[in-house]
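Take a look at the structure set out below.
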């Protein structure tokens, strides 16, 4: 964020791109799609269902998750091109998934210092006062947001 406006995003053509999250697979090798088509004989509809609805992974490799999160955070920080330091937001639902210790340690080059007590307590702001960057955990409920937007669109169409 810069001046209250988004300076970058981790998404691309669809919300599937970017870091691994609870309801999306994250950046994906395009060859994985052709593999599913060829080797698993999956249709486009089946693949889409897997990617959008059943891609929740059990993250056992915390280093991989931390690496991906740091890559995306670093790219967003670079997009500011030297402007004031960003606020970094993490939307994952549990402290274990957030993997904040590893992620914040790898973002120390940006000036991130984690407040371990705030993180353990589930606080919204998890950066230490001495941190150069404010780091927040923003709870997300992607399914709820989608449902709310759908209801709004239905209501708009009903009134026309």
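Every number here is computed from the coordinates shown, using simple stated rules; none is lab data. None of these values were measured; they are calculated from a predicted model. Because the Cβ atoms are built from the backbone with ideal geometry, glycine has one as well, and the counts that use them run over all protein chains shown.
Brief remarks follow.
- Label-point separation, residue 117 to residue 48 (7 Å along Cα→Cβ), nm: 5.1
- Packing, as the average of other Cβ atoms within 10 Å across residues, places the peptides 136-148, 105-117 in the order 105-117, 136-148, highest first.
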